[in-house]
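Take a look at the structure below.
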Amino acid sequence: MDIKKTDMLLVVDMQNVYLPGQKWTCDRIQEAIKYITKLVRTFPETQVVYTKYIASKDPKGVWAEYNRLNGEVNVNQWLNEYVDELKPYLNEGNTYVKSKYSCCENPELRERVRCCERIFIAGVVAECCVLSTIYDLIDMGKKVVYLSEGIAGETREKEEMVKNILSGLSPLHVIFQS
């Protein structure tokens, strides 16, 4: 992988709630964790960022209903923590909290992304947070590298659906990489 100074690896929401047996389980999360754990070692530490979904204290519109329906997840500290395998790589300077699907909703992360040309993306959930983030990144003028092995959806079928949707944006906006 040819990593440039203007590249960023964005790891989306790899939290315990997506592990097997949890409420928001993603089929391939274990494979994604292994891939991401290897991948973060190939990027300079300063070019890797992580996001974490934490429910808003003052949700608006449909997010109020979403948070009501998912209240038990929102208050469970362990479910909201990052998976153990990636915790050693987290620090205050590379971790961003969001309360909606897109990572670009966080103003500090959005500003950090502005300096980058290519964003390599991995994480969960393919059909929600990852997809929403990709659209925002494209709208910001960024080339997105979709790391298929490092992205997990609720099901494999939904992962494929996302790839099919994004294929219409390839190769100009999105590049697929394993």
Checking THR95 against (1) crowded, with 16+ Cβ neighbours inside 10 Å; (2) within 17 Å of the chain's Cα centre (by Cα): exactly one of these is not met. Which one? (1)
How many residues of the range 56-97 are closer than 24 Å to ALA122 by Cβ and hydrophobic (A, V, I, L, M, F, W, C)? The answer is 7
Under 8 Å between Cβ atoms, which residue pairs at least 6 apart in sequence (or on different chains) link something in the range 144-173 that is at pLDDT below 95 with a partner that is among the basic types (Lys, Arg)? none
Return the total of residues in the range 142-163 being hydrophobic (A, V, I, L, M, F, W, C) and in contact with a Lys or Arg (Cβ under 9 Å, 6 or more places away or on another chain). 4
Checking ALA32 against (1) in contact (Cβ under 8 Å) with a residue 40 or more places away in the chain; (2) more than 24 Å from GLU157 (Cα to Cα); (3) in a helix (DSSP H, G or I), only one condition comes out false. Which one? (2)
Tally, over the range 1-12, of residues that are in a loop (DSSP other than H, G, I, E, B) and either among the aliphatic types (A, V, I, L, M) or crowded, with 24+ Cβ neighbours inside 10 Å (or both): 2
Could you grab me the full set of residues in the range 97-143 that are within 19 Å of MET161 (Cβ to Cβ), free of Cβ contacts under 8 Å to residues at least 60 places away in the same chain and hydroxyl-bearing (Ser, Thr, Tyr)? TYR101, SER102, SER132, TYR135
Residues in the range 41-56: is at least one assigned to a helix (DSSP H, G or I), hydrophobic (A, V, I, L, M, F, W, C) and either touching a residue at least 40 places away in the same chain (Cβ under 8 Å) or within 19 Å of ASP136 (Cβ to Cβ) (or both)? no
For ASP13, which of the numbered conditions (1) under 17 Å from GLY153 (Cα atoms); (2) in contact with a Leu (Cβ under 9 Å, 6 or more places away or on another chain) fails to hold? (2)
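The values are calculated or read from the model by the stated rules, or taken from the named source; none is laboratory data. What you see is a predicted model, and the numbers here were worked out from it, not measured in a lab. Methodologically, a virtual Cβ is constructed for each residue, glycine included, from the backbone with ideal geometry; neighbour enumeration extends over all protein chains shown.
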